[in-house]
Amino acid sequence: MSIPTIAPQKLSDLIDSGAAVELIDVRTPVEYREVHVSSARNVPLDQLNAAQFAAGRSDTAPLYVICRSGSRGKQACEKLLAAGYTNVMNVEGGTQAWEQAGLPVIRGKKAISLERQVRIAAGLMVLTGSVLGYFVSPYWIGLSAFVGAGLTFAGITDTCGMGMLLARMPWNQLPKSSPTEVTGSGAACAPPKKCCG
């Protein structure tokens, strides 16, 4: 399924022209807090209930979706399209492309991106399996093989189980006592399908 896209500069020009632009950022709350487009509101992919989000909304104005590099934004668009909301556009290249174009962002506390977390976790699991396989029992090599198979599956399907798990970890959420950036009718749980985007 082809997802319509928009270049960051073109979307920025629309915002600057005073047009009513609705932009949702589907990254984790911690990633959003680190850096985001000023007009974006955070609706994490794992909290986006597409059917509820689309219910009662008019299809006349497009809904723009942004993430880190475009992958999770594409997944959010696919979910919204499947729920019957057809006027969605993914921001090409996500927040990374927005920043590279020199467009304004709001910066907050630094965080480790979900993509880096997946690489760190996978690397540690492969290293652990290899070391334990060599020193303890050759059966531990199975851990490395399992991670390799998972990474291959993630690459082929653009679906990352480790990313889904890591997105739900406490360090990727904002503390309950602080005001959350998650707003709107997108807050209902459905697991994210992609990571690293």
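The values are calculated or read from the model by the stated rules, or taken from the named source; none is laboratory data. These figures come from a predicted structure and were not determined experimentally. Neighbour counts are summed over all protein chains in view; Cβ atoms, including those assigned to glycine, are modelled from backbone coordinates with ideal geometry. Ligands, DNA and RNA are stripped out before the accessible areas are found, and what is left, the full protein with its side chains, is counted by its heavy atoms. Shrake-Rupley method; radii C 1.70, N 1.55, O 1.52, S 1.80 Å.
Structure notes:
- Normalised by the number of residues in the chain, the average gap of Cα pairs under 8 Å and 6 or more apart makes the relative contact order 31 percent.
- Potential extension, Asp13-Ala149 segment - 0.36 nm per residue separation minus Cα distance: 44.6 nm
- Karplus-derived HN-Hα couplings along region 73-82 (A = 6.51, B = -1.76, C = 1.60, θ = phi - 60°), whole Hz, x at Gly and Pro: x, 5, 4, 4, 4, 4, 5, 5, 4, 5
- Using C-alpha pairs under 8 Å with a sequence gap of at least 6, the mean separation divided by the residue count of region 36-140 gives a relative contact order of 25 percent.
- Taking the accessible area of the chain, probe 1.4 Å, and keeping the other protein chains in place, the carbon and sulfur fraction comes to 62%.
- Ellipticity at 222 nm from helices only: DSSP H runs of n ≥ 4 in the chain, each -39500 (n - 2.57), divided by the residue count, give -13000 deg cm²/dmol.
- Taking the chain as a Gaussian network of alpha-carbon nodes connected by springs under 10 Å, the highest mean-square fluctuation of the residues Ala50, Ala61, Ala154 belongs to Ala61.
- For peptides 37-49, 76-88, 127-139, 102-114, sequence by mean Cβ density within 10 Å, most packed first: 37-49, 76-88, 102-114, 127-139
- Distant-in-sequence amide H partners of Glu22 (H built 1.01 Å from N, under 5 Å): Tyr64
- Each DSSP beta bridge with both residues in the chain is either parallel or antiparallel, and the antiparallel ones are about 20%.
- Amide H within-cut-off set for Thr5, under 5 Å, with H built and near neighbours excluded: Asn90
- Karplus-derived HN-Hα couplings along region 58-71 (A = 6.51, B = -1.76, C = 1.60, θ = phi - 60°), whole Hz, x at Gly and Pro: 7, 8, 6, 9, x, 9, 9, 10, 9, 9, 7, 9, x, 5
- Theoretical FRET efficiency, 1/(1+(r/R0)^6), r = Cβ-Cβ of Phe135 and Gln96, R0 45 Å, to 0.05: 0.65
- Charging the Cβ of each Asp and Glu at -1 and of each Lys and Arg at +1, and nothing else, the dipole of the chain about its Cα centre rounds to 460 debye.
- Distance (nanometres) between label positions extended 7 Å along Cα→Cβ at Asp59 and Ala20: 1.8
- Å² of accessible area per residue within the chain, as computed with a 1.4 Å probe and no ligands counted: 51
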